[in-house]
Amino acid sequence: MALHPPQGPSDLHLHSDRSDGTQPPAEVMRAAHEHGIRTAALTDHDTTAGWAEAAQATVSLGMTFLPGMEMSAKHEWRSVHVLAYLIDPDDPPLRAMIEKVRSSRRDRAHMMADRIARDYDLTWDDIVAQTGDGATVGRPHIADALVARGHVRDRSEAFHGILSPRGDYYVDLYAPDPVTAVGLINAAGGVPIIAHPAGRAGVLPRSVITAMLAAGLAGFELGHRENLEQGVRVLRRIVDDHGLIVTGSSDYHGAGKPNLPGENTTSDEMVERIIESGTGSAPVYS
Ligand code: AMP
Ligand code: ZN
Ligand code: FE
Ligand code: FE
């Protein structure tokens, strides 16, 4: 028997206020614990800043912590999120890339704020006030600022209106293509898994998935509330053909989204495969 047999239920996709979740990492782990989760990964967008606090909290709760990150990538116009488990957080090329993305996110938030300010009462300081110290800034923080000013009711209304990519205020962000992202994660010892790969935008073209597999893509997050059944069926065939890893997770954002820890989970077998494949950092056991 392995020294640390995986202990489920496992939720491998949770956000804290180091990106666009609404709670500090320790509170996110506490929320996961309250929902019966025993192995949890923190996967903030383009940052690993919450790992230490989350790891400490999981130990005191008797849980297992899996270090993770959700890396921004882009195929042509569409945004692609790649979950990166067990990466070396200090790997220089990976760090350089996420710093570049984070800096582009700041410039982009600034530009969107300027555009929105032409029509709505909103300042850059409003957005700063909604963003944790050193956190990866995103449209959710602009949404929170719009809520605080009373322009919209919640994040969802902001995303469907003022912050929509089809609207006048949207500015694109820089992000690497998904093949580059997978290569960087892999070179940093990590396990790359495409997050919510069958959402409304549809499944990525087969040629892109093939190139990602060649770069070291390890699997798909097939259990996610945004996935659509038809896309999941297509991806399940690829999983079977290539013996890939399949995960299921909540994508919990605290009060920022209705998603709750444990609404989708990952099997012990798959958690074990992730742990066996990752070499850049180690799980923290209690
Ligand atoms: P960004 O990467 O800055 O363009 O913002 C995208 C982020 O916003 C994603 O990580 C989602 O978690 C979040 N998001 C997208 N749609 C919504 C929504 N309708 N309500 C709340 N959060 C959302
Ligand atoms: Zn998010
Ligand atoms: Fe995502
Ligand atoms: Fe996410």
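Values for this structure:
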{"read-out": "Computed over the chain, the ratio Rg/Rh where both radii use C-alpha atoms and Rh is Kirkwood", "value": "0.96"}
{"read-out": "The range 129-199: Cα Rg divided by the 2.2 N^0.38 Å rule of thumb", "value": "1.42"}
{"read-out": "Two-site FRET efficiency, residue 177 against residue 148, from Cβ-Cβ distance with R₀ of 30 Å, rounded to 0.05", "value": "0.30"}
{"read-out": "³J(HN,Hα) computed for each position of the range 265-273 - Karplus, 6.51 cos²θ - 1.76 cosθ + 1.60, integer Hz, glycine/proline x", "value": "9, 10, 5, 4, 4, 6, 4, 4, 5"}
{"read-out": "Theoretical gain in end-to-end length, residue 78 to residue 279 [0.36 nm per residue, Cα-Cα removed]", "value": "69.4 nm"}
{"read-out": "Span per principal axis, largest first, for the Cα atoms of the range 70-229 (Å)", "value": "48, 37, 24"}
{"read-out": "Relative contact order (%) - criterion: Cα under 8 Å, at least six apart; region: the range 125-199", "value": "15"}
{"read-out": "Spin-label model distance (nm) - residue 107 vs residue 230, 7 Å beyond Cα toward Cβ", "value": "3.8"}
{"read-out": "Sulfur and carbon atoms: percent of accessible area, the chain [1.4 Å]", "value": "50"}
{"read-out": "C-alpha long axis of helix 178-187 to longest principal axis of the chain, angle in °", "value": "50"}
{"read-out": "Helix axis angle, 229-242 relative to the chain longest principal axis, alpha carbon, degrees", "value": "40"}
{"read-out": "Local electrostatic count, residue 64, Cβ distance below 14 Å [Lys/Arg +1, Asp/Glu -1]", "value": "-2"}
{"read-out": "Sequence-separation-based contact order of the chain, relative, with Cα cut under 8 Å and 6+ spacing, percent", "value": "26"}
{"read-out": "Acute angle (nearest 10 degrees) that the helix 25-34 long axis makes with the longest principal axis of the chain, alpha-carbon atoms", "value": "60"}
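The values are calculated or read from the model by the stated rules, or taken from the named source; none is laboratory data. Being a predicted model, the structure only gives us computed values, none of them experimental. All Cβ positions, glycine included, derive from the backbone under ideal geometry; neighbour counts span all protein chains shown. SASA here: full protein model, heavy atoms, side chains in, ligands and nucleic acids out. Shrake-Rupley method; radii C 1.70, N 1.55, O 1.52, S 1.80 Å.
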